[in-house]
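Quick notes on the structure that follows.
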Amino acid sequence: MKCILCNRKGEIELQQGHLCEKCFPEYFQKKVYRTIRKYRLFSKDDVLCFALSGGKDSLAVAYVVSQIARKQKQRMFAIGVDEGVKNYREIQLEDMKRFCDGLGIEYHIFRFSDEYGKTNEEMMDIARKKGVDISQCTLCGILRRRILNREARNLGATKMVVGHNLDDEAQTSLMNLFKGSVDLMARLGPASGDSKHKGFIPRIKPLYFCTNEETAAFTRLKGIKVLYKACPHRKDSFREYVDKKIESIEKDYPGTKTSIIQNIIKIVPLIRKEYINSEIKVCRICGEPSRNSTCKSCDTLRKIGLIKA
Ligand code: SF4
Ligand code: ZN
């Protein structure tokens, strides 16, 4: 197969044809730029916080966006959260540190064990013993989001750049649909559309139209060292289940993933009108913004007995 841009050998397969290893990184970066421009994801006045897991998506997006930010002389920094997933996150956070040091990006790391006194896995053990109905990933996601939002805000960010790619967004869309979480669907799209409450830092997704394979190819070709393996808990998650179903449909009907997110983009503004303006309160326990009187983090910690209220 020949590269559709230069006729060299095209090693990387896209839906519209093949690209060679020389043309691909530029194609990828242009795709990200287009998403940023089309959806006005940030302006030169924004202070950007990269939410870095240390995995391929978060480092790829930070690589591309930091180049723009540097040209525009914007302030930027990165935050990593160590949930305490053994033999996994500590390796990724080392990759994150090396990456940030290499590009001169200021970074901050926060740990579940400092914040909650326990790691994600220790908290999950307690939850299981107590019969609390929560999955490892739900617990992890809720508790990580609060740290990210609060620390990004405290450090002065006005936008949080996340590495969610096309595959993630297609999965999240169907997961929310299957679970009937219409309010969560309102947060889909290249910009999260979270409430305008000043306590919430809006999250932006410049990799919205980039697939998993494209992001992996970009980090490989740019020589960004990352761990190409999933968190050990992912295999038991609902996300993994949905991912496998989507991949199998995509195999039989190519273009399904793209079609899901293109339709989501059309539907989301309608859902937002109905759901996004719900009143934002302040959590009575931790003081963080919340849609209910107790935020999801405090509610989860209360259920597993780590806080009393
Ligand atoms: Fe946390 Fe689940 Fe992601 Fe692992 S896969 S880091 S447990 S949310
Ligand atoms: Zn709270």
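Under the Kirkwood approximation applied to all pairs of distinct alpha-carbon atoms, what is the hydrodynamic radius of the stretch 24-278 in Å?
18.9 Å
Where Lys and Arg each count +1 and Asp and Glu each count -1, what net charge lies around residue 301 among other residues with Cβ under 11 Å from its Cβ?
+4
Which net charge results when you count Lys and Arg as +1 and Asp and Glu as -1 among the other residues whose beta-carbon is under 14 Å from that of residue 92?
+4
Taking only Cα atoms, what is the 0 to 90° angle, nearest 10, from helix 24-38's long axis to the longest principal axis of the chain?
Long axis of 24-38 versus the principal axis of the chain: about 60 degrees.
Whole angstrom only: what separates the Cα centroid of the stretch 179-249 from the Cα centroid of the stretch 76-140?
17 Å
How much accessible area per residue does the stretch 24-278 have, in Å², with a 1.4 Å probe?
Ligands and nucleic acids excluded, the figure is 48 Å² per residue.
Could you tell me the relative contact order of the chain? Use alpha-carbon pairs under 8 Å, at least six residues apart, and round to a whole percent. Kindly include the intermediate steps, with their values, before the conclusion.
Details: 483 pairs, mean separation 60.9, N = 309.
In percent, rounded to a whole number, it is 20.
Distance in nm between label sites at residue 293 and residue 256, each 7 Å beyond Cα in the beta-carbon direction?
With each label placed 7 Å out from Cα toward Cβ, I get 4.5 nm.
Working out 0.36 nm times the residue gap between residue 125 and residue 33, then minus their Cα-Cα distance, what length gain in nm do you get to one decimal?
The residue 125-residue 33 span can extend by a further 28.8 nm.
Compute the long axis of helix 256-275 from its Cα atoms, compare it with the longest principal axis of the Cα atoms of the chain, and write down the angle in degrees, 0 to 90, nearest 10.
Around 40 degrees separate the two axes.
Work from the charge dipole of the stretch 204-305 (Cβ charges, +1 for Lys and Arg, -1 for Asp and Glu, about the Cα centre) and give the residue of 268, 253, 285 farthest towards its positive end.
Positive-most Cα among the choices belongs to 285.
Could you order peptides 56-67, 83-94 by the average number of other Cβ atoms within 10 Å of their residues, highest first? Spell out each step's value before the answer.
On the way: 56-67: 23.7, 83-94: 17.5.
Ranking, from highest mean packing down: 56-67, 83-94.
When all C-alpha to C-alpha distances in the stretch 196-237 are sorted into bins of 10 Å, what percent of pairs does each bin hold, rounded to whole numbers?
20, 32, 32, 15
Kindly state, to the nearest 0.05, the FRET efficiency for residue 94 paired with residue 270, given R0 = 35 Å and r defined as their beta-carbon distance.
Working: r = 44 Å, r/R0 = 1.25.
Efficiency, rounded to the nearest 0.05: 0.20.
Work out, step by step, the length gained on full extension between residue 14 and residue 44: first 0.36 nm times the residue separation, then minus their alpha carbon distance; give nm to one decimal.
Length gained, residue 14 through residue 44: 7.6 nm.
May I ask which of 31/266; 9/245; 118/244; 30/245; 2/225; 2/71 have a Cα-Cα span longer than 22 Å here?
Over 22 Å apart, Cα to Cα: 9/245; 118/244; 30/245; 2/225; 2/71.
Determine which residues of the stretch 154-168 fall in the zone a paramagnetic label at residue 72 would reach in this model, i.e. backbone nitrogen under 13 Å from the point 7 Å along Cα→Cβ.
158-161
Taking Cα atoms, how many degrees apart are the long axis of helix 89-103 and the longest axis of the chain, rounded to 10 and kept between 0 and 90?
60 degrees
So for the stretch 1-102, averaging the separation of alpha carbon pairs under 8 Å that are six or more residues apart and normalising by length, what relative contact order in percent results?
About 20 percent, as a whole number.
If you put +1 on each Lys and Arg Cβ and -1 on each Asp and Glu Cβ, how big is the dipole of the chain around its Cα centre, in Debye rounded to 20?
Using only the charged Cβ atoms, the result is roughly 760 debye.
How much of the accessible area of the stretch 111-191, probe 1.4 Å, is carbon plus sulfur, in whole percent?
Working: 1730 of 3410 Å².
Carbon and sulfur: 51 percent of the exposed surface of the stretch 111-191.
The values are calculated or read from the model by the stated rules, or taken from the named source; none is laboratory data. Since this is a predicted model, take the numbers as computed values, not measurements. Cβ atoms come from the backbone with ideal geometry, glycine included; neighbour counts cover every protein chain shown. Each accessible area value is taken on the protein alone, full model and side chains, heavy atoms only, with ligands, DNA and RNA left out. Shrake-Rupley method; radii C 1.70, N 1.55, O 1.52, S 1.80 Å.
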